[in-house]
Structures are given as C-alpha cells and as structure tokens.
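Presented below is the structure to which this report refers.
Laboratory data are not the source of any read-out in this text; all were calculated from the coordinates shown. In this text, all values refer to a predicted model and were calculated from it rather than measured experimentally. Note that we place each Cβ from the backbone using ideal geometry, even for glycine, and neighbour counts take in every protein chain shown.
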Amino acid sequence: MGAPLQKTRDVRRDEWGFTLQELMTVVAILGILIAIAVIVFLALLERWRVEAAASQFAADLRLAHGRATNQLTDWRVVFMPDGSPVSGCSSADYCMIKLSAPYDGGDSTPTMDSETPPAPRELPEGTKIKEVTFDPDCSGGDRGAVAPPSSCGGTRTLEFSSNGTVRTLRPGQSGTVRISSDDGSPWCDVMFTSATSRIRIGSLAY
C-alpha cells in the first residue's frame with residue numbers, strides 16, 4: 001500500500017499549472033486583441049457601406065440616363081436633404097422622376113409623367129449624400145440664370161436628357177456628388193460629365 005501512494009505523490013509533485021496572475025495576463029491580452037478586431041471590423045463595415053452607397057447611386061444615375069435616351073423623355077434624379085413637395089419622396093435620400101416631355105420641349109414648367117410615379121430611393125443605413133459641387137436650381141425657369149446656393153432651398157436636381165446629356169438644370173454643368181458615412185468620413189465622390197452623361201466613382205477617402 002505504501003509504494004503506490006508514494007508514486008501518486010511523486011506524480012502530483014511533478015504536475016505544472018498556471019498561476020492566477022498568468023491567467024489574468026492571458027485574459028487581458030485576449031481582451032485587447034478582441035477590441036482591436038472589433039474596431040477594425042467596424043471600420044471595414046463603414047467603408048463597405050459607403051462603397052455600396054456610391055455604387056447604388058451611380059447605378060441609379062446610369063439607369064436614369066438609359067431610360068431618358070430609350071424613352072425619349074427627360075428623367076430627373078432629385079436629392080432632397082431638406083424635404084421635397086414631390087409626393088412620396090419627402091423622406092427619401094433621392095428620387096427618380098420621369099417627365100411627361102423633354103425639358104427643352106417648350107414647357108416653362110415641366111410636368112411629371114402621370115403614369116410613372118416618382119421612385120424614392122434610400123441609401124444604405126449609416127450613409128448619406130453629404131454635398132454636391134454644383135448649385136441647386138434657383139433659376140425660376142430661366143435656363144441662363146445664376147444664383148448663389150444660399151438664396152434658395154436645399155433640393156438639387158440632375159436632369160438626364162433624351163439627347164444623352166446630363167445637366168443640373170443649367171446648360172453644360174458637370175459636377176460631383178459626395179456620398180459619405182453619417183459622420184462625414186469615409187467618403188466617396190460620384191462624378192458626372194455633362195456632355196456625355198458619363199458617371200464615374202472616385203476613390204474612397206478619409
């Protein structure tokens with residue numbers, strides 16, 4: 001009986017384990033690594049959202065261009081940061097609207113197509129249209145008018161014409177629409193060229 005008991009004591013004496021201090025150190029290191037991983041993941045998620053929002057917006061601009069040239073009438077993409085009287089679009093990030101006739105067709109006040117309701121569009125959650133490089137339409141129907149942005153409301157409009165061009169309700173004006181996260185960074189520019197309706201997505205920036 002004595003020999004086996006002595007053998008068991010020897011085995012236990014040779015066993016090795018972690019101290020409480022060592023365990024706490026490992027837990028702290030794991031906590032730091034997890035926190036870093038969460039921060040990196042959230043940053044990537046924000047980046048992916050902005051890229052997805054810019055891609056969606058550019059795709060809708062191209063869609064408006066294609067519909068305008070195929071249907072031989074103007075399509076508008078209206079941004080409404082301050083709301084809009086357009087029915088069903090007041091809370092949207094932007095809205096796609098078909099006109100009953102080309103804007104250059106002679107009507108001083110273009111009318112919407114009665115058979116095609118406005119299509120409100122929402123950007124992915126956590127993203128927004130931050131700013132544009134062109135002035136909002138303050139012309140009051142005068143195509144040659146120029147007015148500072150501060151003198152009129154916040155609604156901006158891109159007009160895709162049946163002749164394949166795009167303008168900001170003023171002739172020959174190209175520009176940029178900036179898509180960003182809610183806090184403004186990161187952001188991505190969507191650029192349009194007036195003469196050709198070319199839509200291009202810029203690089204993501206911070």
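Assorted remarks:
- Within segment 47-82, the set of residues being within 17 Å of Ser180 (Cβ to Cβ) and either of a type in the set (Val, Ile, Thr) or touching a Gly at 6+ places or on another chain (Cβ under 7 Å) (or both) comprises Arg49, Val50, Pro81.
- Ser180 vs. criteria out of contact with any Ser or Thr (no Cβ under 6 Å at 6 or more places or on another chain), closer than 24 Å to Glu51 by Cα and surrounded by 12 or more Cβ atoms within 10 Å (Cβ to Cβ): yes
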